[in-house]
Every structure is written in C-alpha cells, then in structure tokens.
Amino acid sequence: MTDHMMVVHFDPVHGWSPPEIQPYGPLAIDPASSCLQYATSVFEGMKVLLALAEIPTLSFTESHMAHTAYAGPDGKPRLFRPDLNMKRMETSVGRVALPSFDTDELLKLIQKLVTIDARWIPTVEGHSLYIRPTIIGTRDSLGVAASDRATLYVILCPTGPFFRTGARPISLLAVNEHVRSWPGGTGAYKLALNYAPTFRPQQHAAKLGYDQCLWLLGDTITEAGAMNFFVAVRRDDGGKEMLMGGGTDVDVITPPLDGTILPGITRASTLELVAAHPSRATLPGLSPDVRLHTVEGELTLPQLSTWAKEGRLLEAFTVGTAVVVAAVGRIGHNGTDIVLPPHEGALGPIARGLYERITDIQEGRFEWEGWSVACA
Ligand SMILES: *Cc1c(COP(=O)(O)O)cnc(C)c1O
C-alpha cells in the first residue's frame with residue numbers, strides 16, 4: 001500500500017465528517033460493527049496511469065519499450081472514466097442502505113490522494129496504481145438493521161499484470177453447481193458479500209488446473225472470475241476468411257445487464273469501441289474489412305460448443321479494470337474442453353485491438369470521448 005489513505009466518517013447526527021488524508025494504517029472499529037456482522041461493505045476498483053510525454057505510433061510489441069522510454073514522473077496521473085466508478089459506488093451503497101455521499105466530492109478527494117502519492121505510480125508497461133475506494137457500515141449494535149454509521153476510505157497500491165501467466169491465454173472452468181449471481185440477487189452491485197462465496201469454487205478450479213471460474217446459471221454464461229466475458233463469432237453469411245480483405249461480419253457478444261451481471265466499465269468501453277469499428281475508429285491492427293457488431297444477448301455453453309465445432313468461434317476474452325483484456329484459451333466443463341484458436345502473443349486480433357486501444361486511451365496516447373481524466 002502507499003503512504004497515505006483518505007478517511008471520512010458518517011454518523012446520523014453530524015453527517016459526513018471533514019475528510020482526512022492520513023498515513024496508511026489500521027482502522028479501529030467496534031467488534032459489533034455492521035460490516036463485520038452483516039457484510040455492509042461496498043468497494044470500487046479503479047486505476048491510475050501516467051500520461052506519456054510523447055505520442056508515438058506503436059505496434060503491440062513495440063509498446064513495451066516505448067512505455068518504459070517515454071513514461072516519466074513529469075507525466076500527469078490519469079484516471080479512466082472515474083465518474084462511472086463513482087456512480088456505480090453510489091448504486092451499490094444504495095443497495096445495502098448505507099448512507100449516500102457526494103460522488104463529485106469523493107472523486108476530488110481521490111484525485112488529491114493520488115496526487116499526494118503520485119511517486120507510487122509505476123512507470124513500467126502493464127503496471128499501474130490501483131485505487132480501492134471502500135465504504136463499510138460501522139453501526140455498533142447486533143440488531144439486524146441498516147447501518148446508520150459508516151466509514152468511507154480510499155487506499156492505493158501499485159500493481160503488476162493481473163495474471164502472472166505472461167503471454168499465455170487463461171483457462172476457465174465452467175461452474176454451475178455454485179452460482180455467483182441469480183435473478184433478483186446482488187450480482188449487479190460491487191458488494192463485498194458477492195465475493196466470499198466464489199473463493200471455494202475458485203480453489204477447486206485451480207486444483208483442476210484452470211485459472212478462473214466461468215460462472216453459469218444453468219447453461220447460461222454470466223461472467224468469468226470477477227471479469228465480464230465476451231466472445232467473437234463469425235456470422236454464418238460471411239464465409240470468407242477473417243482478415244483476408246474480403247469483408248467479414250463478426251458478432252462480439254456479451255451477456256446483457258439483466259441483474260446478474262456486474263456492469264463493468266471496461267465492458268461498457270469495449271462495447272462502445274467495438275461499435276465504433278470500422279465506421280468511426282478502426283481498432284489498432286484490425287482490418288476495416290472486419291465489420292464488428294455488438295450483441296448484448298444470452299450466451300450458453302452448448303451454443304459456444306456448437307460455434308467452436310463449426311469453426312465460427314474466433315475469440316473468447318475477459319475484460320475488467322485490473323486485466324484490461326485477457327484472452328481465453330480453453331473452457332472446461334464435464335471433463336472436456338472447448339478450445340479456442342491459438343494466436344501469436346495470446347490475444348486474438350479483436351482482443352488485441354481492444355487492449356491496445358483501451359491502454360492507449362488510459363495512457364494518454366489516444367483521445368476518445370474524454371474517457372481519460374487527468375488529475376490536477
Ligand atoms: C469489478 C468487476 C468487473 C469489472 O468491472 P470494471 O468496471 O470493468 O473493472 C466485472 N465483474 C465483476 C464481478 C466485478 O466485480
């Protein structure tokens with residue numbers, strides 16, 4: 001963790017206390033606190049990167065060297081669509097009846113904290129400073145009721161690449177005996193209580209040699225690990241080879257926000273960038289002859305299996321703040337694997353184009369819709 005944290009307390013008489021940025025350290029809370037007894041705990045995940053001093057045109061492999069060469073401590077720290085994190089946190093807080101807060105003020109405090117601890121922002125490709133805003137209920141009574149007291153705090157830590165698998169795609173174990181989210185449940189909110197029940201199934205998947213769980217509801221795919229899930233499927237009417245210049249229509253499909261899916265900011269950004277290709281902005285390295293179409297629609301495991309057999313399942317990938325975009329190499333279920341076509345450097349052309357475009361925006365190399373917000 002970095003040197004400092006931001007802390008602010010809420011009580012029903014005084015409301016929110018003046019925020020304090022203080023040295024990082026333990027919090028003292030009552031053992032009967034609502035967050036410890038009834039899981040009134042909400043979090044967000046954001047990251048901050050440094051703007052680059054120059055704007056080089058890069059290929060995927062060159063970007064590593066260029067980043068280490070051009071990123072300097074003089075660059076301004078940048079956040080990626082932080083207003084969306086603030087809005088989502090407000091929604092999560094409402095779901096567990098914690099006190100609401102001023103989202104603009106919290107964002108300003110986060111920017112201030114990041115500026116104070118800016119020396120902690122890594123300048124190496126694939127590394128960044130992770131921001132963890134958290135709100136916990138601190139009502140010190142065992143009555144099963146909403147917490148009328150809360151502590152909001154923000155901590156920061158430098159992070160490396162999410163998966164230490166290097167350039168290999170991740171593997172997923174499809175799981176439906178344990179369920180991450182369900183209709184009417186809380187899967188669409190970033191609540192701490194959604195994550196503890198995923199640890200046992202995750203350990204089981206790891207024991208069988210898979211990196212993450214692919215969460216199902218019956219046959220229906222919801223998410224992978226704590227990431228949103230996408231597949232790229234060549235349309236039936238295409239028939240021509242992808243990237244060969246003849247023009248190919250590809251559906252980029254992700255499950256819809258039906259209440260069981262966490263509305264990821266990387267997911268929303270992926271959908272917008274896919275929709276922009278090729279008419280508004282082509283994805284780096286992807287031919288404009290590949291016409292991408294976004295589909296927010298139900299995805300089932302048998303459907304994936306059929307597409308794979310037909311040779312139409314081009315790519316599967318996961319997206320999220322920590323990982324940005326990760327390729328999926330295989331999906332296991334009932335002792336067999338759906339195997340995705342391998343690609344040089346792990347990411348397929350669509351996933352790679354998205355990874356490059358999103359990191360270009362995050363690091364200030366590519367301006368898009370004001371998504372990258374400089375601190376101070
Ligand atoms: C945080 C999270 C995501 C990714 O959301 P981003 O805003 O893109 O980081 C996806 N699924 C789950 C379950 C999550 O907790």
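The values are calculated or read from the model by the stated rules, or taken from the named source; none is laboratory data. Computed from a predicted model, the values in this text were never measured in an experiment. We place every Cβ from the backbone using ideal geometry, glycine too, and count neighbours over all the protein chains shown. Heads up: the accessible areas ignore ligands, DNA and RNA and are worked out on the full protein's heavy atoms, side chains in. Shrake-Rupley method; radii C 1.70, N 1.55, O 1.52, S 1.80 Å.
Of Val319, His277, Gly25, which is farthest along the charge dipole of the chain in the positive direction, counting Lys and Arg as +1 and Asp and Glu as -1 at C-beta?
Positive-end residue among those listed: Gly25.
With every protein chain present, what accessible area does Asp148 have (1.4 Å probe, heavy atoms only), rounded to the nearest 10 Å²?
For Asp148, the solvent-accessible surface is approximately 70 Å².
In degrees, nearest 10, range 0 to 90: what is the angle between the Cα axis of helix 349-362 and the longest Cα principal axis of the chain?
40
Below 20 Å Cα-Cα, how many Lys pairs turn up in the chain? Only count pairs eight or more apart in sequence, or on different chains, if you could.
Summing the qualifying lysine pairs gives 11.
Lys and Arg at +1, Asp and Glu at -1: add these up for the other residues within a Cβ distance under 10 Å of Tyr189 and post the number.
+3
Given 37 °C and 0.692 mPa s, how large is the Stokes-Einstein diffusion coefficient of the chain in µm²/s, with Rh as the Kirkwood radius over Cα pairs?
Result for D is 150 µm²/s.
Tell me the mean residue ellipticity at 222 nm calculated for the chain from its helices only (DSSP H runs of n ≥ 4, each -39500 (n - 2.57), averaged over every residue, nearest 500).
Helix-only estimate at 222 nm: -7000 deg cm²/dmol.
Multiply the residue gap between Ser100 and Glu272 by 0.36 nm, knock off their C-alpha separation, and tell me the result in nm, one decimal place.
59.0 nm
Taking a ≥ b ≥ c as the square roots of the eigenvalues of the Cα gyration tensor of the range 108-188, is the shape rounded (a/c under 1.5), prolate (a/b larger than b/c) or oblate?
Since a/c reaches 1.5 but b/c is at least a/b, the shape of the range 108-188 is classed as oblate.
What does the accessible area of Ser17 come to, in Å² to the nearest 10, when a probe of 1.4 Å is used?
Rounded to the nearest 10, the figure is 40 Å².
With angles folded into 0 to 90 degrees, how steeply does helix 82-95 sit against the dominant principal axis of the chain? Use alpha carbons for both and round to 10.
Tilt of helix 82-95: around 60 degrees.
Let a ≥ b ≥ c be the square roots of the eigenvalues of the Cα gyration tensor of the range 170-373; is it rounded (a/c under 1.5), or, if not, prolate (a/b larger than b/c) or oblate?
Judged from the Cα gyration tensor, the range 170-373 comes out oblate (a/c at least 1.5, b/c at or above a/b).
Heads up, I need the accessible area for Tyr24: 1.4 angstrom probe, whole protein in place, Å², nearest 10.
Estimated to the nearest 10 Å², Tyr24 gives 100 Å².
For the range 4-161, build the charge dipole from Cβ charges (+1 Lys, Arg; -1 Asp, Glu) around the Cα centre, then report which of Phe101, His9, Tyr130 sits farthest towards its positive end.
Value: Tyr130.
Quick one: of the DSSP bridges fully inside the range 170-373, what percent are antiparallel, nearest 5?
60
Heavy-atom accessible area per residue, the chain, 1.4 Å probe: how many Å²?
For the chain, the per-residue accessible area is 45 Å².
Mind checking the angle between helix 265-276 and the chain's longest principal axis? C-alpha axes, 0 to 90 degrees, to the nearest 10.
So the helix axis and the longest Cα principal axis differ by about 30 degrees.
Work out the FRET efficiency for Ser305 and Leu36 from their Cβ-Cβ distance, taking R0 = 35 Å, and round it to the nearest 0.05.
The formula returns an efficiency of 0.20 here.
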